[in-house]
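This report refers to the structure that appears directly beneath it.
What follows draws every value from the coordinates through simple rules; no lab data is involved. Values in this document were obtained by computation on a predicted structure and should not be read as measured data. Cβ: placed from backbone, ideal geometry, glycine included. Neighbour counts: every protein chain shown.
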């Protein structure tokens, strides 16, 4: 699908955002690891959520969807506890976070294989640090130098002390934290190197606590002790609005100097909550009452210096805002963005430069010198099969005199299938062509 993004003067209106992708996948996993039935209210509808549902069904979870009179979705999940069925092969699609969480489940089985058809994206992403940690717990693994396909032989795990690197991704640690309570013996986890994306570990710990799991965590999140003999408890979970998706909508409102409101944004562990103070720092008037973020326009945007490691999934959307902000902006601490669906440092810089944006990259940072005036546009831009790249370029296109044509625009479905429809509802001039 192509998305023809036309120059748009203003957006206006109120939006109910998609539900959090990260909370949805974790609630679904916690429900599947419990014995008994759990209820998940308002789960995200996205490619990642569908991959998690498919994977958990393959492991034996019974999942039934129910819609209420307001057309809200509720998922009834009957879990398999510590005894998953063996699906033989697990296909994680292009969902790296889901893959890593499910690798932990797979370690409970005598043998299971993980493989993907997305060889150019997920097939190139590294998982060796997680596989090495699973081996310390008694599993055996075969892989292409830590990449898919992965053959995992587990089933006879033991407790003890395990080390895992957190320098490339926090998802390895999250996978271990979900697995460890089911091993039957105490487990101590030490994070070596640096731990990136710490807010996502706090999300994991929050969900585990709600599921009745006890974990002792050090204040710096570098050491964990998980008592043995624990069981996940069935529960009832409600998924909040997704801050990364909302950040893209709020960024579109900022570049068009619009007044819009985004609901269902509660105070939780999502690091991308930083979008509200960040936009204020850039000169945007933003009201927030603990539930709704309301943009009220600006008198000119200015550059910002931001540690992107604290909110990795808003970086690309905010790059679009910085392209129209006076002065220099710097996003640092983002080296792990090179290991996402594409190189989210090199690719954004390359594509923004094609549009005339003055920017450059470092090993773990992006510098961008914005121009408050519009850019010319009028070209086709690729997405590299990355939903965040597609969102970033679409936001920039709203302020290009000749617009932009975003190729493979359906890739937004990985996290936000209704992204273009929601922008259109707010007044964006976007034409979608199959």
Between residue 143 and residue 117, with labels modelled 7 Å along Cα→Cβ, what's the label distance in nm to one decimal, could you check?
2.3 nm
For the chain, give me the percentage of DSSP beta bridges that are antiparallel, rounded to the nearest 5 percent.
65 percent
Normalising by the residue count of the chain, find the relative contact order in percent from Cα pairs under 8 Å and 6+ residues apart.
20 percent
With a Förster radius of 51 Å, plug the Cβ-Cβ distance of residue 74 and residue 374 into 1/(1 + (r/R0)^6) and report the FRET value to the nearest 0.05.
0.70
Computed log₁₀ I(q)/I(0) - Debye formula, equal Cα scatterers, no solvent, the chain, q 0.10, 0.13 Å⁻¹:
-0.68, -1.12
Angle, helix 387-397 long axis vs. longest principal axis of the chain, Cα atoms, 0 to 90°, nearest 10?
10 degrees
Output the 0 to 90 degree angle, nearest 10, between the alpha-carbon long axis of helix 96-106 and the longest principal axis computed from the alpha carbons of the chain.
10 degrees
Select from 234, 363, 84 the residue whose mean-square fluctuation is largest in a Gaussian network model of the chain (Cα-Cα springs shorter than 10 Å).
363
Within a 10 angstrom radius of the beta carbon, how do 414, 72, 2 rank from fewest other beta carbons to most?
72, 2, 414
At 0.36 nm per residue, minus the direct Cα-Cα distance, what do residue 421 and residue 206 gain on full extension? Give it in nm, one decimal, please.
74.2 nm
Distance from a point 7 Å along Cα→Cβ of residue 7 to each backbone N in the stretch 371-394: keep the residues under 20 Å and list them by number.
371-381, 393-394
Starting from 0.36 nm per residue, how many nanometres of slack lie between residue 57 and residue 89 once their C-alpha separation is accounted for?
10.3 nm
Any idea what angle helix 47-58 forms with the longest principal axis of the chain, computed on alpha-carbon atoms, 0 to 90 degrees, nearest 10?
10 degrees
GNM on the chain, C-alpha springs below 10 Å: top fluctuator among 243, 27, 375?
375
Give me the number: length gained by fully extending residue 45 to residue 429, i.e. 0.36 nm times residue separation minus the C-alpha to C-alpha distance, one decimal in nm.
135.8 nm
